[in-house]
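The values are calculated or read from the model by the stated rules, or taken from the named source; none is laboratory data. Only a predicted model underlies this, so the values are computations on that prediction, with no experimental measurement involved. Using ideal geometry, Cβ is built from the backbone for each residue, glycine included, and neighbour counts are taken over all protein chains shown. Accessible surface areas use protein heavy atoms only, side chains included; no ligands, DNA or RNA. Shrake-Rupley method; radii C 1.70, N 1.55, O 1.52, S 1.80 Å.
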Amino acid sequence: MNEQLPIITIQNLVMQFGSFTAVHDLSFSIPRGMVFGFLGANGAGKTTTIKIICGLLKPTSGDVIVSGISVCRKPGKVKEKIGYMSQKFSLYSELTPAANLDFFGGIYGVPQKKINKEKERLSSELGIADFSHMKTSELPMGFKQRLALSCTLLHEPDIIILDEPTSGVDPLGRREFWAEILQLSRMGKTILVTTHFMDEAEYCSSIAIMRSGELLILDTPAAVRETYHTTNLNEAFIRAVESKGDGR
């Protein structure tokens, strides 16, 4: 299989809510095995696009092709290919960590033996001897994030979509989390991640910057810095969203 063939192709995507257009004629593709950064201010259309990719929203027009499958025609099949970790509501806070793993594993038909092995691995990795009496809400933020990622990966998806996964996580936790993301990429997984931390966006092979539902720029972090004449990706991002996307 050609590793550079797109695993996600977005085709003239439009999403309207009444008179409001959240996504306007969006088109781009993501090669297999890439860490792809999807950037933009709040309200830029990132989360709406992600929900369409995951088959959670039906677009007004256009389509998304995931591993050769049309999201519009077969959203259920697409969901099998994707692991989605949202910033909010990705875990059930009143359940124990073990119960969360059982629940998400059960949704995808993961064998209990495999779920139990993941419980043991996570317990050892986090230094928590027993998950059975602890509510997920009692875990530190960094631990919640690691648990959420484990739940996302249980069914071994080809594509991992992370929507602001490190929001509220301390710098050490963010660094450890990104080390795991890069390891998953080396294993051939495709990662689509949104973040407001431009130092995290530097880890990405390619980034897309959105504004008001439209794609402003799609390139490598280095090329984006060069386009906007800065050595700082944070400054390049600000210049991009304040410009018309033409590098001025």
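Mind checking which residues of segment 225-248 are within 26 Å of Pro171 (Cβ to Cβ) and either open to solvent by 60 Å² or more (accessible area, probe 1.4 Å) or not in a loop (DSSP other than H, G, I, E, B) (or both)? Selection gives Arg225, Thr231, Asn232, Leu233, Asn234, Glu235, Ala236, Phe237, Ile238, Arg239, Ala240, Val241. Across segment 73-96, the qualifying residues are those that are under 17 Å from the mean Cα position of the chain (by Cα), of a type in the set (Lys, Arg) and open to solvent by 70 Å² or more (accessible area, probe 1.4 Å), and the one among them that is nearest to Pro31 (Cα to Cα) is Lys79.
Take the conditions (1) among the polar types (S, T, N, Q); (2) surrounded by fewer than 21 Cβ atoms within 10 Å (Cβ to Cβ); (3) in contact (Cβ under 8 Å) with a residue 24 or more places away in the chain; Ser70 misses just one of them, which is (3). Test Thr227 against the stated conditions and say whether it is among the polar types (S, T, N, Q) and touching a residue at least 60 places away in the same chain (Cβ under 8 Å). Criteria not met by Thr227. Residues in segment 37-59 that are of a type in the set (Val, Ile, Thr) and open to solvent by 10 Å² or more (accessible area, probe 1.4 Å): Thr47, Thr48. Tell me yes or no: at least one residue of segment 74-94 is under 30 Å from Pro140 (Cα atoms), among the β-branched types (Val, Ile, Thr) and at pLDDT 90 or above. So far as segment 74-94 goes, yes, one or more of its residues are under 30 Å from Pro140 (Cα atoms), among the β-branched types (Val, Ile, Thr) and at pLDDT 90 or above. For segment 143-166, a residue qualifies if it is assigned to a helix (DSSP H, G or I) and open to solvent by 20 Å² or more (accessible area, probe 1.4 Å), and the qualifying residues are Phe143, Lys144, Arg146, Leu153.
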